[in-house]
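Chemist: Can you keep this structure in mind? I'll have questions shortly.
Read the figures in this text as sums done on the coordinates, not as results from a lab. Source: prediction; values computed, not measured. Cβ atoms come from the backbone with ideal geometry, glycine included; neighbour counts cover every protein chain shown.
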Amino acid sequence: MPYLEWTKELDTGIASIDAQHRKLVEMVNALHGAAGAAVCPAKEFVAGLKQYAAEHFHIEEGYMQCFGYPGYEAHLKEHEAFMQAVADLDASCIRGEATTEAASAFLKRWLTEHIIDVDMEMSRFLAPHLLSTAEAATCIED
């Protein structure tokens, strides 16, 4: 059984966002699987997490802005706090203070709570707008 199991409770109903969330869940599970191998997550893992999360957040934020999501500012702050937490994790690793187990526990908790509490609210607003793939495609700039 995976450390963080994908359940229907995590399914926002927006296929592109769910696929990205599933990738983040896979990353958490891979990190947890390596917990005994390192004191801290590999630098490559942290860099990959930063990059993937930034891409994912860019897409969510693009949808929210495009369709005028009223909770955009609060949601953006959540994303910024996560990116800061990952930067702090990176710094803790450099100082030798973080562990892979603590990092995977943080990521599991944050991702689960964020999806259930924050992304579900966003997805209820966005879902009617994202029914049209063409409409959704116009929202995201590279």
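Chemist: For LYS8, give me every one of the lysines with a C-alpha distance below 21 angstrom, ignoring sequence neighbours fewer than eight places off in its own chain.
Modeler: Partners within reach: LYS23, LYS108.
Chemist: Of (i) 128, 32, 23; (ii) 46, 30, 23; (iii) 75, 26, 25, which one was derived for Cα extents along the principal axes in Å from the structure shown?
Modeler: (ii)
Chemist: Can you tell me how much longer the chain between LEU131 and GLU97 gets when fully stretched, taken as 0.36 nm per residue apart minus their C-alpha distance, in nm with one decimal? Don't jump to the answer; show the numbers that get you there.
Modeler: On the way: separation 34, 0.36 × 34 = 12.24 nm, distance 4.56 nm.
Full extension of this stretch gives 7.7 nm more.
Chemist: Hey, another quick one. List the aspartates and glutamates whose Cα lies under 20 Å from the Cα of LYS43, skipping any in the same chain that are fewer than 8 positions away.
Modeler: The reachable aspartates and glutamates, counting only those whose Cα sits under 20 Å from LYS43, are GLU26, GLU55, ASP88, ASP90, GLU97, GLU101.
Chemist: Order of 85-96, 102-113 by packing, highest average Cβ count within 10 Å first? Present the calculation step by step, with values, prior to reporting the outcome.
Modeler: On the way: 85-96: 14.8, 102-113: 17.9.
By packing density, highest mean first, the sequence is 102-113, 85-96.
Chemist: Pairs of Cα atoms under 8 Å, at least six residues apart: use those to get the relative contact order of the chain, whole percent.
Modeler: Details: 105 pairs, mean separation 54.6, N = 142.
Relative contact order of the chain: 38 percent.
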